Amino acid sequence: MFGGIGYEQAVYGSFPFWSRGYAMLTASAGCPPSWRDAMKRACERFGERPAGVDRFRSVFALPADRSTWMVVRVDSLGCDDQGRPGALAFHALFVSPWSYRRAGAWPHAFDPAFRSDWTAADQDSPLPRGRFRPAAIGGPREDGPVDARVGPIVDALSRNRRVIVQSREPADALMRSAWRRLPGRVRRRARAASWAFGNANGFDFVALPRLGGLTFDGAELVLAAETSSSAP
């Protein structure tokens, strides 16, 4: 991975240091309006935070357009400028499909490039174009037994079925374990979120705190928080 992977970046969210609600905080100079608009739509479709959800961090990845992937980390900041809980910050990295492939088409490979320390000073200056060396696909070697849900997840995604996992927290470990075993062709096309509050973004793999309100067509594999179940 000589030279690393280059990316453009943007930040969207609700922050305690302003009174603008959810809006774009800043972006790199090479991040065009179309990418920012795609990011904003994806963030708005992340879903409404359910009551009882504590602070968290998750990641999702999907195409921004036909020539660009965006990998987004979601950080729970606590309260917004009005003191209301549930404020979120979204840090998006934009890369070409080739660069996404070089990173293993694995959203967590981008973890070394994410930030969460946003301040009011970031409003006044664009972000730089970044470069990083991605983490190894799947992360450190797994020790101990493999989650029983991994096999059904890999099988479903390989057969173009969506996978929805009910989880009380971001399913990062489960997603890492599944991605380690997925064929490259599947990883390269899969929209994925280690946690979200809805699936308006059409993720192929997504973990949700609650399944209420979702409509299923029978093509999904739906897994419970602790043990697997069959699709509805």
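The values are calculated or read from the model by the stated rules, or taken from the named source; none is laboratory data. Since the structure is predicted, the reported quantities are computational estimates derived from the model, not experimental observations. With ideal geometry, Cβ positions are generated from the backbone for all residues, glycine too; neighbour counts draw on all protein chains shown. The protein model used for the area step is the full one, side chains on, heavy atoms only, and it has no ligands, DNA or RNA in it. Shrake-Rupley method; radii C 1.70, N 1.55, O 1.52, S 1.80 Å.
Please specify each residue of region 114-149 satisfying the condition of being hydrophobic (A, V, I, L, M, F, W, C) and at pLDDT 95 or above. Residues satisfying the conditions are PHE114, LEU127. Which ones in region 100-130 are more than 17 Å from the chain's Cα centre (by Cα) and touching a residue at least 24 places away in the same chain (Cβ under 8 Å)? Matches in region 100-130: ARG102, TRP118, THR119, ALA120, ASP122, GLN123, SER125, PRO126, LEU127, PRO128, ARG129, GLY130. Across region 131-180, the number of residues qualifying as assigned to a helix (DSSP H, G or I) and in contact with an Asp or Glu (Cβ under 7 Å, 6 or more places away or on another chain) comes to 3. All of ARG115, ARG73, ARG84, ARG101 fail the test of being closer than 23 Å to ALA51 by Cα and surrounded by fewer than 22 Cβ atoms within 10 Å (Cβ to Cβ), apart from ARG84. Pick out the one residue from ARG181, ARG191, ARG187 that is under 17 Å from ARG45 (Cβ atoms), open to solvent by 30 Å² or more (accessible area, probe 1.4 Å) and modelled with pLDDT of 90 or more. Criteria check complete, one pass: ARG191. Among the residues of region 49-60, is any hydroxyl-bearing (Ser, Thr, Tyr) and at pLDDT 95 or above? Scanning region 49-60, I find at least one residue that is hydroxyl-bearing (Ser, Thr, Tyr) and at pLDDT 95 or above, so the answer is yes.
Please verify whether ASP204 is open to solvent by less than 70 Å² (accessible area, probe 1.4 Å), charged (D, E, K, R), in contact with a Ser or Thr (Cβ under 9 Å, 6 or more places away or on another chain) and in contact (Cβ under 8 Å) with a residue 12 or more places away in the chain, treating the condition exactly as stated. Spelling it out, it is not the case that ASP204 is open to solvent by less than 70 Å² (accessible area, probe 1.4 Å), charged (D, E, K, R), in contact with a Ser or Thr (Cβ under 9 Å, 6 or more places away or on another chain) and in contact (Cβ under 8 Å) with a residue 12 or more places away in the chain.
Taken together, the criteria place ARG41 among residues that are within 22 Å of ALA207 (Cβ to Cβ), open to solvent by 70 Å² or more (accessible area, probe 1.4 Å) and within 14 Å of the chain's Cα centre (by Cα). Of all residues in region 63-75, those that are part of a strand (DSSP E or B) have Cβ atoms under 6 Å from Cβ atoms of residues that are of a type in the set (Ser, Thr, Tyr) and surrounded by 15 or more Cβ atoms within 10 Å (Cβ to Cβ), 6 or more apart or on another chain, in TRP69/TYR100; VAL74/SER58. Within region 1-55, the set of residues being within 21 Å of LEU127 (Cα to Cα), in a helix (DSSP H, G or I) and of a type in the set (D, E, K, R) comprises ARG36, ASP37, LYS40, ARG41. For region 211-225, a residue qualifies if it is within 18 Å of ARG149 (Cβ to Cβ) and charged (D, E, K, R), and exactly one does: GLU220.
Of the residues PRO32, PRO63, the single one that is open to solvent by 20 Å² or more (accessible area, probe 1.4 Å), closer than 17 Å to ALA190 by Cα and not charged (D, E, K, R) is PRO63.
Beta carbons closer than 6 Å, at least 6 apart along the sequence or on distinct chains, pair a first residue in region 25-39 that is closer than 11 Å to ALA92 by Cβ with a second that is in a loop (DSSP other than H, G, I, E, B) for SER28/PRO126; SER28/ARG129.
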